[in-house]
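Below is one structure, written out as structure tokens, with a few remarks after it.
Computed from the coordinates by the stated procedures, all read-outs in this text should not be read as laboratory data. Treat the numbers as computed from the prediction; the structure is a model and nothing was measured. Counting neighbours? That spans all protein chains shown, and the Cβs are built from the backbone with ideal geometry, glycine included.
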Amino acid sequence: MKSRIKRVLLRARYAAIGAAVGAAIGSVFSRNAASTGGAIGAMVGATVADTRDTATTFLEEATETDLNPLSDGDAEN
């Protein structure tokens, strides 16, 4: 449960940061562009958070597994 809450909060944080950046860039052009930029930025931020979480999980699993050599012990002979 703690892992799930942590993942949700990370996604919300990245979405908020993305929305802020998108709105700031869009506000240079117009009010409508700021709104659109905020929405697109939030979607990009949430996607980045999901991708980062997936990559982190993959790396953790890779480091936990025992990496065996490609040969079946031929190096010992």
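Observations, loosely collected:
- Residues considered: Gly18, Gly45. Of these, the only one that is surrounded by 15 or more Cβ atoms within 10 Å (Cβ to Cβ) and out of contact with any Phe, Trp or Tyr (no Cβ under 8 Å at 6 or more places or on another chain) is Gly18.
- Residue check, Arg13 out of contact with any helix residue (DSSP H, G or I) (no Cβ under 7 Å at 6 or more places or on another chain), of a type in the set (Lys, Arg) and part of a helix (DSSP H, G or I): yes
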